[in-house]
Amino acid sequence: MPAPAPSMGTALLAAIVLVLLLVELVMIPAQAAAWATWLRRSVGYEVNTVFLRLRIYKYLPQLSRTKLLRDMVLIEQQYAAHPYHGPHHAADVVGKCGAMLRRDKAKLRRWMRERVGKGIVGCITERRYALFELAVVLAAAFHDAGHPGLNNGYLQNSQDPRFQAYEYTAERYSEKWFRHEFMQEQTFLNDLPAAEREFVVEVASYAVLKTDMRMHQNVLAMADPEETDPLKRLAALLLHAADLANGADAWSISKLWAQWCHREFHSQGDASKQDHPELTVDTIFDREKANVPASQLYFVEQLVAPTFQALEQCCPATAALGLRGCRANAAQCKAIIEQQAEQQEAMPRLL
């Protein structure tokens, strides 16, 4: 007697099992992780996600998602595979800017309404606020475009010819590239009216220039005698905070950023010793002398925490979250430093 034919449900289940087995064989865990990492670090993916969450496409219906994703590829191509200043950092800053804008939207709008007069950019409508959000997120995307993986002090001291035309400043290179190369193309911004497009370009460019750490104190105070537009100063503070915010991430993530940052620092120190032995290598860039936990503690307590304190006036929810992260990470750094000290004290007894 012939065996009964399998039911449709049994056949479907068998097919699903077969597909899962094939996926497990072909897309091994390492490949799957690499794919997930690529998505997470894609600047275009992150920008599009933020635009959807902030509903920027709704309030700026002229924008083309296809053109935006195409243009984000151009921006991402400007990033080299540096340990820290790579496309993954840009995508991270984009995401953090989006989170701030979304988390504190009501407070930000109230802050803007209180300070912006019609003579500057017009009343704060949904569309005007969306243009501001667009400018901040776009600035986050290109803020380190073309970054050489070297800090401005080294560029200046070594007289790097690649940056001579940009006053030996990586931020000025990024801003000039955006204005004079990116904006010369038919970008997604061309679908906006000219006045709105100019507003976005001006706000984004100003914010990127202010990511230079030499501007740190002025940005926190939102004090710039040469700039009267409060929206530009606000954009600069938001971008600067997002740029430093990995110091307030969950410890498991924050310590990875610290490792990547110091790996880049030490590469600069190695290059300085090899190519410019006449230059003094600061301890933080010298892999033989650097103390990463101590450097990270200084970064968190002296730079990141004050930045989040400055956000309290316009982004109180983000400020509270960031300061909580700073306290937790500072405690982790102090524990590691104490452990190092105990090990050093025990060393003579072991010898």
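The values are calculated or read from the model by the stated rules, or taken from the named source; none is laboratory data. The shown structure was predicted, so the numbers you read here are calculated from the model rather than taken from an experiment. Note that we place each Cβ from the backbone using ideal geometry, even for glycine, and neighbour counts take in every protein chain shown.
Assess whether Pro61 counts as being farther than 30 Å from Gly149 by Cβ, over 16 Å from the mean Cα position of the chain (by Cα) and at pLDDT below 95. So Pro61 does not fit the description; no. Is there a residue in the range 329-340 that is at pLDDT 95 or above, crowded, with 19+ Cβ neighbours inside 10 Å and assigned to a loop (DSSP other than H, G, I, E, B)? The answer is no, given that none of the residues of the range 329-340 is at pLDDT 95 or above, crowded, with 19+ Cβ neighbours inside 10 Å and assigned to a loop (DSSP other than H, G, I, E, B).
Quick one: what pairs do we get from the range 218-232, first residue touching a residue at least 60 places away in the same chain (Cβ under 8 Å), second exposed (fewer than 15 other Cβ atoms within 10 Å of the Cβ) and assigned to a loop (DSSP other than H, G, I, E, B), C-beta under 7 Å, 6+ apart or different chains? Taking only residues 6 or more apart or on different chains, the pairs are Asp229/Ile120. For the residues Asp144, Asp191, the requirement of being of a type in the set (Asp, Glu) and surrounded by fewer than 21 Cβ atoms within 10 Å (Cβ to Cβ) singles out Asp191.
Looking only at residues of the range 248-276 that are under 21 Å from the mean Cα position of the chain (by Cα) and outside any helix (DSSP H, G or I), we find that the one that is surrounded by the fewest Cβ atoms within 10 Å (Cβ to Cβ) is Ala250. On inspection, Arg263 qualifies as among the basic types (Lys, Arg) and either modelled with pLDDT of 95 or more or in contact with a Cys (Cβ under 8 Å, 6 or more places away or on another chain) (or both).
Can you find a residue that is in contact with a Gly (Cβ under 9 Å, 6 or more places away or on another chain), crowded, with 17+ Cβ neighbours inside 10 Å and under 20 Å from Glu133 (Cα atoms) anywhere in the range 164-177? For the range 164-177, residues in contact with a Gly (Cβ under 9 Å, 6 or more places away or on another chain), crowded, with 17+ Cβ neighbours inside 10 Å and under 20 Å from Glu133 (Cα atoms): present.
Rundown of residues vs (1) under 21 Å from the mean Cα position of the chain (by Cα); (2) charged (D, E, K, R); (3) over 16 Å from Ala258 (Cα atoms), yes/no style:
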{"position": "Asp282", "(1), (2), (3)": "no, yes, yes"}
{"position": "Leu297", "(1), (2), (3)": "yes, no, no"}
{"position": "Glu301", "(1), (2), (3)": "yes, yes, no"}
{"position": "Ala305", "(1), (2), (3)": "yes, no, no"}
{"position": "Phe308", "(1), (2), (3)": "yes, no, yes"}
{"position": "Gln313", "(1), (2), (3)": "no, no, yes"}
{"position": "Asn329", "(1), (2), (3)": "yes, no, no"}
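If you go through the range 202-209 one residue at a time, do you hit one that is more than 20 Å from the chain's Cα centre (by Cα) and surrounded by fewer than 19 Cβ atoms within 10 Å (Cβ to Cβ)? Looking for residues that are more than 20 Å from the chain's Cα centre (by Cα) and surrounded by fewer than 19 Cβ atoms within 10 Å (Cβ to Cβ), one finds none in the range 202-209, hence no.
Scanning the range 286-322 for residues that are without any contact (Cβ under 8 Å) to a residue 60 or more places away in the chain, part of a helix (DSSP H, G or I) and more than 15 Å from Ala245 (Cα to Cα) returns Val292, Pro293, Ala294, Ser295. The single residue among Cys326, Cys314 that is in contact with a Lys or Arg (Cβ under 8 Å, 6 or more places away or on another chain) and crowded, with 18+ Cβ neighbours inside 10 Å turns out to be Cys314.
A search for C-beta distances below 7 Å between a residue of the range 262-282 that is aliphatic (A, V, I, L, M) and any residue that is surrounded by 16 or more Cβ atoms within 10 Å (Cβ to Cβ) and assigned to a helix (DSSP H, G or I), counting only pairs 6+ apart in sequence or on different chains, returns Leu279/Ser272; Val281/Gly269; Val281/Ser272. Contact map, the range 58-72: first residue under 18 Å from Ala130 (Cβ atoms) and of a type in the set (Ser, Thr, Tyr), second residue part of a helix (DSSP H, G or I) and modelled with pLDDT under 95, Cβ cut-off under 7 Å, separation 6 or more or different chains; pairs are Tyr59/Glu126; Tyr59/Arg127. Against the definition (crowded, with 21+ Cβ neighbours inside 10 Å, touching a residue at least 12 places away in the same chain (Cβ under 8 Å) and of a type in the set (Val, Ile, Thr)), how does Val116 come out, yes or no? The answer is no for Val116. Within the range 234-250, residues that are closer than 9 Å to Gly322 by Cα have Cβ atoms under 6 Å from residues that are assigned to a helix (DSSP H, G or I) and of a type in the set (D, E, K, R) in these pairs: Ala245/Lys96, counting only partners at least 6 apart in sequence or on another chain.
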